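Q: Take a look at this one; I'll ask things after.
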Amino acid sequence: MGFVLSVLYLITNYLTPTTLFGSLAVYRVELILAVLVFFVSLPALAGSIIGKTPQTLALFGLAFATFMSVAIGEHWIGGGMPAFLSFIPNAFAYFLVCLHCNSKKKLQVLVLMMLFVCLFVIARGSIELQQGLPTSVTAQAANTDSSYFMGMSNNAGQLFYRLRGMGEINDPNDFAQLITCVLPLVFIFWRPQKTLRNIAFVILPVCVLLYGAYLTHSRGGMLALLAVVVLAARRRIGTLPALLLVGVLFAASMALHFTGGRDISADAGEDRTDLWGESMQLLKSHPMFGVGFGNLPDYLGHTAHNTIMVCAAELGSFGLYFWSLFLFPTVRDTLAIASPQKVNDGQPVLPEETPFPTVSRKIEVLDKAEINRLGRLMVLSLTGFLVAGWFLSRAFVMTLFLLGGMTEVIFEMALQRGMISSRLPLARVLRYAGALAILLLLVMYITLRIVNLVH
């Protein structure tokens, strides 16, 4: 029951209560679901991995940072609670995954949920496209709340439309980022020598997702997809051939107007780098708790268009530390389960003895090769998220916390089977997270210096 309610809660947050429940949404269905799943999940706390992972501490720290960023940054204690409540629903996803997802089959259900969200939006957008879109941005703006397309002008002043979702993914870039994360995960359904099955459950969904990515016309999404291709291809064909392949794909994407007629260049991205620089200045003036959760547009007129800078500017160094505390063990554990050198053959997990052998629980068989395969899929998915996040202000979205939870579930399955060494001690993770936070800021500083030298 807890897992089913968790999946329903996640779908509702991605697609919005209005989309799923229509007029019933006025009764705060999402809040009712959250309360239900919270109480149903309480019995699962005792045997869960939540207390074993540094990400749990990181999320508590981030929740506190969101409160303090407004209470201190805006000198408004009363505003801290709304910021806190805005953050919690997304962070809740990590806990739900760790509590209720304890097998490969449940991981597959989570992937199906994310795939369903993407296919739903693509289908609704395709129907809207067939019915015809307005011929001017002014006409489209009147229908903007209910439309799955957002109109804008390209470099030549021509109107084009970009596919988006609702709620959590109501921006084309957000939706492109989600698609990029889901694409590699779909290969969890791949089975060797099962051609028809693979075509139906992997190849066709991947083609539809690529079509959806094209309709978003997201430049960051396209670069993230190419990064995923490089990482996936280099293992099979080598680094140089993979780079050549991506070069061809990049040229083909630009020829097919993947970006909607907008350039990808330093000059084209100058407005974003200006925002990065201004965000860095805000961090210097509000170093500890930032300018307040979600308040960056009030200072810059826009968000920072960079996940690191939006986290640093809005939550300060305090919040960036806890964000790094979530990111570091997630990336480290993902790389560990993807590495053949760090995963061994382990020992089979024996079924629990019961007085009734015929009804004993069936143990899921997972060997080293399968753990490595799941790890590689998570590496690709996280790569897509982080590369797209370099151009997006998406530090606190549900997708990141979902991927973090899925990573720890796979790591725990390997750990239970004796396939991998234990997680890093918390004291070391705390130190490494601080180093990562400093490194991220240093990378941003060097990037801005290089951009300024070029211009």
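The values are calculated or read from the model by the stated rules, or taken from the named source; none is laboratory data. As the structure is a prediction and not an experimental result, all values here were calculated from the model. Ideal geometry is used to build each Cβ from the backbone, glycine not excepted, and the neighbour counts take in all protein chains shown.
Q: Looking at residue 215 and the list (1) among the aliphatic types (A, V, I, L, M); (2) closer than 22 Å to residue 379 by Cβ; (3) touching a strand residue (DSSP E or B) at 6+ places or on another chain (Cβ under 9 Å), which single condition is not satisfied?
A: (2)
Q: Take the residues of region 293-328 that are out of contact with any Leu (no Cβ under 8 Å at 6 or more places or on another chain), at pLDDT below 90 and under 24 Å from residue 399 (Cβ atoms): which is surrounded by the fewest Cβ atoms within 10 Å (Cβ to Cβ)?
A: Selected residue: 297.
Q: How about region 356-381: which of its residues are at pLDDT below 90 and farther than 18 Å from residue 415 by Cα?
A: 356, 357, 358, 359, 360, 361, 362
Q: Looking only at region 70-84, filter to residues that are touching a residue at least 40 places away in the same chain (Cβ under 8 Å) and β-branched (Val, Ile, Thr); which one of those is nearest to residue 297 (Cα to Cα)?
A: Selected residue: 70.
Q: May I pose another question? Which one of these does residue 16 not meet: (1) touching a His at 6+ places or on another chain (Cβ under 8 Å); (2) on the phi > 0 side of the Ramachandran plot; (3) of a type outside the set (Lys, Arg)?
A: (1)
Q: Considering each of 437, 433 in turn, give the residue that is at pLDDT 90 or above, under 24 Å from residue 227 (Cα atoms) and touching a Phe, Trp or Tyr at 6+ places or on another chain (Cβ under 6 Å).
A: Numbers: 433 fails: under 24 Å from residue 227 (Cα atoms).
Answer to the selection: 437.
Q: Examine region 109-116 for a residue that is surrounded by 18 or more Cβ atoms within 10 Å (Cβ to Cβ), out of contact with any strand residue (DSSP E or B) (no Cβ under 8 Å at 6 or more places or on another chain) and at pLDDT below 95, and state whether such a residue exists.
A: Within region 109-116, not a single residue is surrounded by 18 or more Cβ atoms within 10 Å (Cβ to Cβ), out of contact with any strand residue (DSSP E or B) (no Cβ under 8 Å at 6 or more places or on another chain) and at pLDDT below 95.
Q: Next up: If I ask for residues that are farther than 17 Å from residue 379 by Cα and either surrounded by fewer than 19 Cβ atoms within 10 Å (Cβ to Cβ) or of a type outside the set (Lys, Arg) (or both), which ones from region 389-412 would you list? Explain how you work it out, then say what you get.
A: Here is the first cut: in region 389-412, the residues farther than 17 Å from residue 379 by Cα are 391-398.
Residues satisfying the conditions are 391, 392, 393, 395, 396, 397, 398.
Q: Name the pairs: first residue in region 55-69 and more than 17 Å from residue 98 (Cβ to Cβ) and assigned by TED's automatic domain parsing to the domain that holds residue 402, second residue surrounded by fewer than 18 Cβ atoms within 10 Å (Cβ to Cβ) and aliphatic (A, V, I, L, M), Cβ to Cβ under 8 Å, at least 6 apart or on different chains?
A: 67/81
Q: Okay, next question. Condition first: part of a loop (DSSP other than H, G, I, E, B), of a type outside the set (S, T, N, Q) and closer than 30 Å to residue 340 by Cα. Now tell me which residues in region 420-455 satisfy that. Can you show your working first?
A: Pass one, region 420-455, residues part of a loop (DSSP other than H, G, I, E, B): 420-425, 455.
Adding the requirement that they be of a type outside the set (S, T, N, Q) leaves 420, 423-425, 455.
420, 423, 424, 425, listed by residue number.
Q: Can we say residue 23 is surrounded by fewer than 20 Cβ atoms within 10 Å (Cβ to Cβ) and not in a helix (DSSP H, G or I)?
A: Criteria not met by residue 23.
Q: Looking at region 158-183, which of its residues are of a type in the set (D, E, K, R), closer than 12 Å to residue 398 by Cα and more than 10 Å from the chain's Cα centre (by Cα)?
A: 168 - this is the single residue of region 158-183 that is of a type in the set (D, E, K, R), closer than 12 Å to residue 398 by Cα and more than 10 Å from the chain's Cα centre (by Cα).
Q: Do we find that residue 247 is in the same structural domain as residue 181 (by TED's automatic domain parsing) and at pLDDT below 90 in this structure?
A: Judged against the criteria, residue 247 is not a match.
Q: Out of the residues in region 26-61 that are surrounded by 12 or more Cβ atoms within 10 Å (Cβ to Cβ) and in a loop (DSSP other than H, G, I, E, B), which is farthest from the chain's Cα centre (by Cα)?
A: The residue in question is 28.
Q: Separate question: Could you tell me which of the residues 191, 162 is basic (Lys, Arg) and either out of contact with any Phe, Trp or Tyr (no Cβ under 7 Å at 6 or more places or on another chain) or not assigned by TED's automatic domain parsing to the domain that holds residue 221 (or both)?
A: Checking each option against the conditions leaves just 191.
Q: Which ones in region 178-229 are of a type outside the set (D, E, K, R), part of a loop (DSSP other than H, G, I, E, B) and touching a Lys or Arg at 6+ places or on another chain (Cβ under 8 Å)?
A: Those that are of a type outside the set (D, E, K, R), part of a loop (DSSP other than H, G, I, E, B) and touching a Lys or Arg at 6+ places or on another chain (Cβ under 8 Å): 217, 218.
Q: In the set 95, 87, which member is under 21 Å from the mean Cα position of the chain (by Cα), part of a helix (DSSP H, G or I), in contact (Cβ under 8 Å) with a residue 60 or more places away in the chain and closer than 30 Å to residue 285 by Cβ?
A: Of 95, 87, the one residue that is under 21 Å from the mean Cα position of the chain (by Cα), part of a helix (DSSP H, G or I), in contact (Cβ under 8 Å) with a residue 60 or more places away in the chain and closer than 30 Å to residue 285 by Cβ is 87.
Q: Next question. Have a look at 346, 389 and point out the one that is on the phi > 0 side of the Ramachandran plot and at pLDDT below 95.
A: 346 is the lone residue from the list that is on the phi > 0 side of the Ramachandran plot and at pLDDT below 95.
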